[in-house]
Each structure stands twice: as structure tokens, then as C-alpha cells.
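Student: Sending over a structure as C-alpha cells; questions will come in a sec.
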Amino acid sequence: MTEECEATTNPLLNHSCTRASLKMRLASLRSAQAMLEQGRTEQDALDSFFIADQHGLLTKDRTDLNAEQIFFAKEAGTKQLSLMEIVQEVS
């Protein structure tokens, strides 16, 4: 597998990813599918994901993200949150 995922028309499917990225994709796909089955829109489901790494919340203005991470990144300029702040934000 390659280090970065290759983007396709559907970012949740058909990628060549690292093992960690593949696990994140599978978990997010299952969660997103459950949200869609509950009547939520695709964008609403995507907005429900708050993904962080060792540097904090993934945001589109970060330059260290791979294709997998960019798909889940929040808009540029989003306040950088710690893991604890993310948990408090979504609770």
C-alpha cells in the first residue's frame, strides 16, 4: 500500500491507503452510513467528524495532511482544538 490515499470521485471508497488510513476510512464509512440511514444528509454526516492527530484538529489550511486527512479536515481558519476541546465541543 502507498503512504497516501489516491483521491477518487467518492472519497469514502476505492482508495489505496496506509493501514491506519484504511481503518479510519472503514470506521468513518460505517458511521456515515448509519447517519445517512437515520435521514441525515451527506454534508451533515461529514460535518459530524472531528479528526485530530498529534498536531490537533485537522483543518484545510494545514500543509502536512494527506488526501485521506484533507477529506475530513474542517474549513481553513477553524479554531485549532485539542482532543479535550473536541470532545467538549461535540458533547
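Student: Could you look through the range 81-91, keep only residues that are more than 20 Å from Gln43 (Cα to Cα) and surrounded by 14 or more Cβ atoms within 10 Å (Cβ to Cβ), and pick out the one that is farthest from the chain's Cα centre (by Cα)?
Tutor: Here the residue is Glu85.
Student: Only residues that are surrounded by 16 or more Cβ atoms within 10 Å (Cβ to Cβ) and of a type in the set (Lys, Arg): list them for the range 27-50, please.
Tutor: Hits for the range 27-50: nothing passes.
Student: Among the residues of the range 51-75, how many are modelled with pLDDT of 85 or more and exposed (fewer than 12 other Cβ atoms within 10 Å of the Cβ)?
Tutor: Here the count works out to 3.
The values are calculated or read from the model by the stated rules, or taken from the named source; none is laboratory data. These numbers come from a predicted model, not from an experiment. Note that each Cβ is placed from the backbone with ideal geometry, even for glycine, and that neighbours are counted across all protein chains shown.
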